[in-house]
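**Q** I have a structure here, written as structure tokens, and I will follow up with some questions on it.
We did not get these values from a lab; they are worked out from the coordinates using the rules stated. Predicted model only: the values in this text are computed from it and were never measured. When we count neighbours, we look across all protein chains shown, and the Cβ atoms used for this are built from the backbone with ideal geometry, even at glycine.
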Amino acid sequence: MHALIADVGGTNARFALTDPASPRPELLEPRSLRNADFASLQHAAEHYLAGVGATPRRACIALACPVGGDEIRLTNRAWSFSRGELKAALGLEELRLLNDFGAVALAAPALSPEEQVTLHGPAADPLAGPVSVLGPGTGFGVALLVGGQGRWTAVETEGGHVTFAPLGAEEQAIARWMDSRHGRTSYERVLSGSGLACIDAVLRGADASGQVREPRHPAEVVGAALDGHDVASRRALARFCAILGSVAGDIALVHGARTVMIAGGIVPRFIPFLKASAFRERFLAKGRFAAYLESVSIRVVTHPNPGLLGAAVALRDPVR
């Protein structure tokens, strides 16, 4: 019987069905819903299930927040719920909850070569652990994948909320502005859609009144940067890529990673730009450990729904 899987971020809730007994994890009837259109996760799930005419008894939901305990509250969306109440409301016999990047980490070994792009390192090598899984979207997710040879375990983290360490005058200006608004600046404040918009606003300078300009939509910044005619947008996206390189290198050192997988909704849109940016230089700029990081394979996940895929993988594991 088909099970329900979901990947719920701050902006969108993605749903699908899967057959845990199939030879490979599959995503059936995938749909993406805007969170703003629903009062709660329960309402979004009910809408999806009514649309596909399914009444599953098992479900696995990946969420952009910590998932311990019964009371769950999303980090970047005003949704909260009781695990037990949601299970009962949806008529489920089993409900598993995962951190969203824990789910992305579980998906990594199931990706085909066509669903990932190698930025650096041998493209043909099999996945080697430990694997740091990270990436910007509405927030900034971090997870660790350990194991190998078909026996992988995802370690869920909240590494996106580590304090940002700026390098150079531009990044210090960005951090000062973020600090003035939020009290402190985490990775997530900088490496997210809203973070890119703020980087762009700060680097474009103050307006005639001395105030930082109103942030543009991040998709506008990316589009203008890739078009090539907007110098300010290219400068902002280049700074974003440089910061991502520094943070990815730090996380790889903390995890002892042999592979770094970059996922999330932003980076797959500008892979060639990222590869030509200072990302690699900043990734390696770790003093005496530059040579260590030279051997780390860096890949970008291009699968459209890695969180859903990871939820499907989790349902196939009876011990999770």
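**Q** Whole-Hz Karplus ³J(HN,Hα) for the stretch 74-84, in order, using 6.51 cos²θ - 1.76 cosθ + 1.60 and θ = phi - 60°, x for Gly and Pro?
**A** 5, 6, 10, 7, 7, 10, 9, 7, 8, 3, x
**Q** Another question about this same structure. Just to be sure I understand: of the beta bridges DSSP finds with both ends in the stretch 39-157, what percent are antiparallel, rounded to 5? Mind dumping the intermediate values first?
**A** Values: 15 of 21 bridges.
Counting DSSP beta bridges with both partners in the stretch 39-157, the antiparallel share is about 70 percent.
**Q** With both bridge residues required to lie in the chain, what share of the DSSP beta bridges run antiparallel, to the nearest 5%?
**A** On the way: 32 of 51 bridges.
DSSP beta bridges in the chain are roughly 65 percent antiparallel.
**Q** Right, here's the next one. Measuring from centroid to centroid over Cα atoms, what is the spacing of the stretch 281-320 and the stretch 1-77 in Å?
**A** 23
**Q** If neighbour count is taken as other Cβ atoms inside 10 Å, put ARG181, ARG269, ARG189 in order from fewest to most.
**A** The order, fewest Cβ neighbours first, is ARG181, ARG269, ARG189.
**Q** Taking R0 as 30 Å, what FRET efficiency do you get between ASP317 and LYS275 from their Cβ-Cβ distance, rounded to the nearest 0.05? Don't skip to the answer; put the middle values down first.
**A** Values: r = 34 Å, r/R0 = 1.14.
Rounded to the nearest 0.05, the efficiency is 0.30.
**Q** Helix check for the chain. Which DSSP H runs span at least 30 Å along their own axis by Cα, with a mean Kyte-Doolittle hydropathy no less than 0.0? Please list the in-between numbers first.
**A** Values: long enough: 231-255 (36 Å, 1.06).
Span-like helices here: 231-255.
**Q** Taking amide H positions as placed 1.01 Å from N in the peptide plane, with prolines and chain starts having none, which residues 5 or more places from LEU63, or on another chain, fall under 5 Å of its amide H?
**A** So LEU63 has HN proximity to VAL8, LEU98, ASN99, ASP100.
**Q** If we count other beta carbons within 10 Å of each Cβ, what is the order of VAL104, VAL67, VAL313, fewest first?
**A** VAL67, VAL313, VAL104
**Q** I need MET261, MET1 ordered by Cβ neighbour count within 10 Å, fewest first. Show your work: numbers first, answer last.
**A** Values: MET261 26, MET1 11.
So the ranking, lowest neighbour count to highest, is MET1, MET261.
**Q** How high is the relative contact order of the stretch 159-301? Use alpha-carbon pairs under 8 Å, at least six apart in sequence, and give a whole percent.
**A** On the way: 177 pairs, mean separation 26.7, N = 143.
Relative contact order here is 19 percent.
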